[in-house]
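Trainee: Below is a structure I'd like to ask you about.
The values are calculated or read from the model by the stated rules, or taken from the named source; none is laboratory data. Here the structure is a predicted model, which means the values were calculated and not measured. Glycine also receives a Cβ, built like all others from the backbone with ideal geometry; neighbour counts cover every protein chain displayed.
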Amino acid sequence: MPYALCFLLFTIGLYCVVVKKNLVKIVIGLAVMEYAVNLFLIMLGWRTGGTAPIIDKTYIEPGTTGKILDSFINTSVDPLPQALVLTSIVISLGSLALIISICIRIYEKYGTFDITEIRRLRG
Amino acid sequence: MTRLLPAFVAIPLVMAFVLPIFGKKGKSTATVLANLATVTLLILAIASIGKSGVYEVGNWSIRVGIILVLDGLSSLLLLAISVVSAAAMLFSARYMEQYTAKAKYLSLFMLMVAGMNGLVLSGDIFNLFVFLEIASLASYALVGFGCEHEELEASFKYMVLGSIASTFILFGIALVYGNTASLNMACVSKAIQSSGLNPGLAFALALFIVGFGLKAALVPFHAWLPDAHPSAPAPISAMLSGILIKTLGVYALARVVFNVFGVSVQIGWLLVALGVLSMVAGAFLAIGQWDFKRLLAYSSISQIGYVVLGIGLGAILIAEKANPAWASLAILGGLFHLVNHSVYKSLLFLTSGSVEMSTGTRQLKQLGGLAGRMPVTRTACTIASASIAGVPPFSGFWSKLILVIAAVQAHFYWIAAIIVFVSLCTLIMYLKVQRHVFLGELPENLQQVKENRGPMLVAMIFLALLCVFMGLLVIVPSLRANILDPAVKVLTDGPKYWAPILKANMFATEGKIL
């Protein structure tokens, strides 16, 4: 069920990009799509009632050198998707900044945010 | 060689952040440094031919860390990237004087090269996405570099479609990770081979094909290319059309479909259909254009169709377990066409830049009779046109010949017929270019036009010579065995390709970690 809602969020974003006529709304649609994917990644590693994936001494099996307790492995959430989401958030921040600055320049040149009026290129 | 692998990413990346420091005053220093960097990369790429190896970033083992993999396909792509970027950088040394903020341009250029080099070397599917985004972001900014009406509009369009593609690819990566619990291509491919393709993975494959198809501008997804490529400055058009759509689109698609998921007959037919559609539609749209660079951009769509067609044909033959030699030949044709196209299309864009710089226009109807005024540009353009149209003995002829032979051998006669037909259309569109730009009467306002001098000519002559001699890559057996055959073998091996890499590296580090 949460996956279905996540996919719904993705399609809402895609719908917004395809249908909306305003540059800023298109950008918002792109952002919504990116959030949906980030949410999906986080949900992949999520475990109800899980612990944070941080190892300290109490999780190491006594008497061994660094063997981790099975109870930790079975309860902790997957840390890798969190690292991926962090990277992907940084990337989407960069692309969002770039696309918004392009929008501002377009507004300076054309005086409108409406894509039906910004049509010098065709064919 | 393995130790040098990070240099392919590190050199341009460091350069990208060093160059803007020079600012306005140190413009010439920055240009020289940037050229040195691209030439160094070219030398490294030539040195990497025929070698292979795995570099573990940060010395983490293959299961938990990120790896860089050098193989035949990567080194072929690295070679193409560095040839085109060296020529484009040399060309920009003079061409970009008309723009302000040259140091920023050089920095973005280097960032794009770093992204592409990293993409072809990456053996980790998420790392591939990160490098893809680096290259894409730099290219979005470069398309809008002129900051005029058209450029901004094209850049916005390109960026929206590019971002959708990136989101699709990231979604696909998330699905792959959810289903196989790994991001390393070798481990993912092993997991897929043992468990088969479940619905989640099939959806991921569909997302990858759409995402990379958007980046490669195959026909149903091509809307951004004819706007974006002509709007960029000429050397950047050369980079975008010449190499960016191939690394971000075709290479990544081939890597994911062949080496990670494994081919099937349906996927092969899908690729052939996309290829044929792109070839025919691109060629028809190109013939009707009157803007020099726009015509070249549509022709890029048509030519990228050839590459995808060759690879798709190979995929069908592998999946049907037909004669392996036929599959190899089809893929060889596709990959050789990829390299050829990157050389002659970037040359064509550079000549269009040279014409535009001298005359101030790129409308075919306003040009004419430049043959006497710009002899070198004219010769370069004619060689490139002959090459792209498939006139023997230039490079394009050989790759198209291989594709036709491969199609006939595998009894796909209609594909062979389409290849020849589109080749004729290509000839027509480039005859149109020759007729309207270089032949005919010289218009009144162009009487004073002069040929460009210096590095621009060197760059064009360099690529023109390559166009003439590239045919040797398939004719001379030793060159072919060193450069093209290893690349073909990577794709024909399919998912089995990773086995030696996994074996060599897993056992070495087993028990060290996890």
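Trainee: Just wondering, is there one or more residues in region A:98-107 that are farther than 28 Å from B:Ala181 by Cβ and of a type in the set (Lys, Arg)?
Mentor: yes
Trainee: For B:Leu285, all conditions in the list (1) more than 14 Å from chain A (Cβ to nearest Cβ); (2) closer than 25 Å to B:Phe212 by Cβ hold save one; what is the number of the exception?
Mentor: Unmet for B:Leu285, out of (1) more than 14 Å from chain A (Cβ to nearest Cβ); (2) closer than 25 Å to B:Phe212 by Cβ: (1).
Trainee: Let me ask something additional. Can you pull out every residue in region B:308-328 that is among the β-branched types (Val, Ile, Thr) and under 20 Å from the mean Cα position of the chain (by Cα)?
Mentor: The answer is B:Val308, B:Ile311.
Trainee: What's the total number of residues in region B:99-122 that are in a helix (DSSP H, G or I) and over 26 Å from B:Ser52 (Cβ atoms)?
Mentor: Matching residues across region B:99-122 total 10.
Trainee: Hey, could you check region B:129-167 for residues that are more than 7 Å from every other protein chain (Cβ to nearest Cβ) and in contact with a Lys or Arg (Cβ under 8 Å, 6 or more places away or on another chain) and say which is surrounded by the fewest Cβ atoms within 10 Å (Cβ to Cβ)?
Mentor: My answer is B:Glu148.
Trainee: Now, a different point. I'm trying to understand the selection: among the residues of region B:117-128, which are polar (S, T, N, Q) and facing another protein chain (nearest Cβ under 10 Å)?
Mentor: B:Asn127
Trainee: In region A:96-123, what residues are in contact with a Leu (Cβ under 7 Å, 6 or more places away or on another chain), aliphatic (A, V, I, L, M) and either more than 8 Å from every other protein chain (Cβ to nearest Cβ) or not in a helix (DSSP H, G or I) (or both)?
Mentor: A:Ile115
Trainee: Quick check on region A:74-95: of everything there that is over 14 Å from B:Leu170 (Cα atoms), not polar (S, T, N, Q) and not in a loop (DSSP other than H, G, I, E, B), which residue is modelled with the lowest pLDDT?
Mentor: For region A:74-95, the residue satisfying everything is A:Pro79.
Trainee: Next question, about the same structure. Can you spot a residue in region B:109-116 that is surrounded by fewer than 24 Cβ atoms within 10 Å (Cβ to Cβ) and more than 17 Å from the chain's Cα centre (by Cα)?
Mentor: Within region B:109-116, none of the residues are surrounded by fewer than 24 Cβ atoms within 10 Å (Cβ to Cβ) and more than 17 Å from the chain's Cα centre (by Cα).
Trainee: I've got another one for you. Give region B:482-514 a look and list any residue that's among the aromatic types (Phe, Trp, Tyr) and at pLDDT below 75, or say none.
Mentor: Listed by number, the list holds a single entry, B:Phe507.
Trainee: Out of the residues in region B:169-183 that are more than 9 Å from every other protein chain (Cβ to nearest Cβ) and under 21 Å from A:Ile89 (Cα atoms), state the one that is farthest from the chain's Cα centre (by Cα).
Mentor: So, considering only residues that are more than 9 Å from every other protein chain (Cβ to nearest Cβ) and under 21 Å from A:Ile89 (Cα atoms), the one farthest from the chain's Cα centre (by Cα) is B:Ser182.
Trainee: Does any residue of region B:286-295 turn out to be over 22 Å from B:Gln409 (Cβ atoms), in contact (Cβ under 8 Å) with a residue 12 or more places away in the chain, among the acidic types (Asp, Glu) and surrounded by fewer than 24 Cβ atoms within 10 Å (Cβ to Cβ)?
Mentor: Yes, region B:286-295 has at least one match.
Trainee: Here is a follow-up. Could you check, for region A:14-25, whether at least one of its residues is exposed (fewer than 14 other Cβ atoms within 10 Å of the Cβ), out of contact with any helix residue (DSSP H, G or I) (no Cβ under 9 Å at 6 or more places or on another chain) and either within 9 Å of another protein chain (Cβ to nearest Cβ) or part of a helix (DSSP H, G or I) (or both)?
Mentor: No.
Trainee: Against the condition touching a Lys or Arg at 6+ places or on another chain (Cβ under 6 Å) and at pLDDT below 85, how does B:Val474 come out, does it pass?
Mentor: Here the answer is no, as B:Val474 does not meet what is asked.
Trainee: Just to verify a result, which residue in region A:73-90, among those that are touching a Leu at 6+ places or on another chain (Cβ under 9 Å) and at the interface with chain B (Cβ under 9 Å from one of its Cβ atoms), is nearest to B:Val64 (Cα to Cα)?
Mentor: That would be A:Leu80.
Trainee: Quick one: would you say B:Gly23 is surrounded by fewer than 23 Cβ atoms within 10 Å (Cβ to Cβ), among the small types (Gly, Ala, Ser) and at positive phi?
Mentor: Against the criterion (surrounded by fewer than 23 Cβ atoms within 10 Å (Cβ to Cβ), among the small types (Gly, Ala, Ser) and at positive phi), B:Gly23 qualifies.
Trainee: Follow-up question, since we're still on this one. Run down B:Leu296, B:Leu364, B:Leu347, B:Leu309 and say which single residue is touching a strand residue (DSSP E or B) at 6+ places or on another chain (Cβ under 8 Å) and of a type in the set (A, V, I, L, M, F, W, C).
Mentor: One residue alone meets the criteria, B:Leu364.
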